[in-house]
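> One structure is given below, represented as structure tokens, and several questions about it will come after.
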Amino acid sequence: MFRRYALGFSSVGRQLSTMSSSTPMEDAIRAKIMAALNPQTLEIYNDSHLHAHHKPMQGSTSKETHFRLVITSTAFQSKMQPARHRMVYALLRDEMAQENGIHALQLRTLTPDEEERQKKKQADAAAAKEGNAAAASASTAGEP
């Protein structure tokens, strides 16, 4: 399951918080990260279903144990990856400590500049791939 939150969607989170949620752990993650880091981008992937068969998960009733987060925030400026990860782990300490809480977190922490460079690199790679595909089809079009 994937949900992406950006600055313009904060009112949606507030509307959902007034209802009974089927994803309380994800909601807690979103609320704490939005409040503390004011991210430009927050992507939350619940990968728990991929790990349900693992031995440590046997007997667990929680469907919210394994998360993958992509966070872009100016709060990460001038910090190395370990420091950024420590910031997120500190925010989610309670959720990780509770029974049937978060068992595993995979983090991707970026600054806005890093995210922009990543997007440009991906766009350049896609353009190069399209160029190579067009050249290959043009060279085979002339063959009998």
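The values are calculated or read from the model by the stated rules, or taken from the named source; none is laboratory data. Fair warning: this is a prediction, and the values are worked out from it, not measured in the lab. Virtual Cβ from ideal backbone geometry, glycine too; neighbours counted across all protein chains shown. Remember, those area values only see protein heavy atoms, side chains included, never the ligands or the DNA or RNA. Shrake-Rupley method; radii C 1.70, N 1.55, O 1.52, S 1.80 Å.
> Suppose the chain between ARG117 and HIS85 were pulled fully straight at 0.36 nm per residue; how much longer would it get relative to their current alpha carbon spacing?
On the way: separation 32, 0.36 × 32 = 11.52 nm, distance 2.05 nm.
Between ARG117 and HIS85, full extension yields 9.5 nm more.
> I've got another one for you. Rank these residues by their accessible area, most exposed first, probe 1.4 Å: ARG93, ARG108. Spell out each step's value before the answer.
Values: ARG93 150, ARG108 110 Å².
Putting ARG93, ARG108 in descending order of accessible area: ARG93, ARG108.
> At 1.4 Å probe size, put LEU92, LEU105 in order of accessible surface, largest to smallest. Don't skip to the answer; put the middle values down first.
Values: LEU92 0, LEU105 25 Å².
From most accessible down to least: LEU105, LEU92.
> While we're on this one: Between ALA127 and ARG68, what length comes free when the chain is fully extended (0.36 nm per residue of separation minus the Cα-Cα distance, one decimal in nm)?
18.4 nm
> Sticking with this one: MET87: accessible area at probe 1.4 Å, nearest 10 Å²?
Roughly 50 Å² of MET87 is accessible to a 1.4 Å probe.
> Residue-wise, which Karplus ³J(HN,Hα) couplings in Hz belong to the stretch 118-123, taking 6.51 cos²θ - 1.76 cosθ + 1.60, θ = phi - 60°, and x for glycine or proline?
Listing the rounded values in order: 5, 4, 5, 4, 5, 5 Hz.
> While we're looking at this one, here's another question. Each label point is 7 Å from the Cα along the Cα-to-Cβ direction; what then is the distance between the points at ALA31 and GLN77, in nm?
2.9 nm
> Tell me, what ³J(HN,Hα) does each residue in the stretch 69-75 have, in order and in whole Hz, if you take phi through Karplus 6.51 cos²θ - 1.76 cosθ + 1.60 with θ = phi - 60° and put x for Gly and Pro?
Working through the residues one at a time gives 10, 10, 10, 10, 8, 5, 5 Hz.
> On to the next question. Using protein chains only and a probe of 1.4 angstrom, how many square angstrom of HIS85 are accessible, to the nearest 10?
For HIS85, the solvent-accessible surface is approximately 50 Å².
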